[in-house]
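J.: Can you keep this structure in mind? I'll have questions shortly.
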Amino acid sequence: MKQIIFSDNAPAPIGPYSQAVLAGNTLYVSGQIAFELSTTGDLKAEAHKIMENIGSILSEANMDYTNIVKTSIFLKNMDDFGLVNEIYGSYFTAAPPARETVQVARLPKDVNIEISVIAVK
């Protein structure tokens, strides 16, 4: 059984997918972007907004950042790894989730970063 999770405090999907799907006790959050900030050149603001969007979606499923077990980070430029790592890390005070970070050729809406997560109750 699956349940679609949607938060008005995060961007609506830009294609045929859901913000998140809860299957049993596992929440799969689709990749989040901050296209409204991507053209400003402020990667720090973009990364914080993405993490806030993820937090809003988690909240709709009665979860928070401590429930995240796996994260995938997609970067336009791996030179931004240090800054993104610092911002991302500020959302986890202990026992951070498993994660991979990869550089990609292009992201939706030409953003600089996209983050998806898996969380478990």
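J.: On full extension of the chain, what length is gained from Ala105 through Glu86, given 0.36 nm per residue of separation minus the C-alpha to C-alpha distance?
T.: Once the chain is fully extended between Ala105 and Glu86, it gains 4.6 nm.
J.: So which trypsin sites (Lys or Arg not before Pro) in the stretch 76-107 end up in coil per DSSP with only 11 or fewer other C-beta atoms within 10 Å? Spell out each step's value before the answer.
T.: Values: sites: Lys76, Arg99, Arg106; in loops: Lys76, Arg106.
Counting only loop positions with at most 11 other Cβ atoms within 10 Å, the trypsin sites (Lys or Arg not before Pro) in the stretch 76-107 are Arg106.
J.: To the nearest Å, what is the center-to-center distance of the stretch 1-74 and the stretch 99-118, using C-alpha atoms only?
T.: So the two Cα centres are separated by 12 Å.
J.: So if the hydrodynamic radius of the chain is defined as the Kirkwood radius over C-alpha pairs, what does Stokes-Einstein give as its diffusion coefficient at 25 °C and 0.890 mPa s, in µm² per second?
T.: Details: Rh = 14.4 Å.
The Stokes-Einstein estimate is 170 µm²/s.
J.: Taking the chain as the reference, fit the longest principal axis to its C-alpha atoms, fit the long axis of helix 43-60 to the helix C-alpha atoms, and give the angle between the two in degrees, 0 to 90, nearest 10.
T.: Roughly 0 degrees, rounded to the nearest 10.
J.: Going by a ≥ b ≥ c, the root eigenvalues of the Cα gyration tensor, does the stretch 36-81 fall in the rounded group (a/c under 1.5), the prolate group (a/b larger than b/c) or the oblate group?
T.: Verdict is oblate for the stretch 36-81.
Each value in this text was obtained by applying a stated rule to the coordinates, not by laboratory testing. Owing to the predicted nature of the structure, the values given are computational and were not obtained by experimental measurement. Ideal geometry is used to build each Cβ from the backbone, glycine not excepted, and the neighbour counts take in all protein chains shown.
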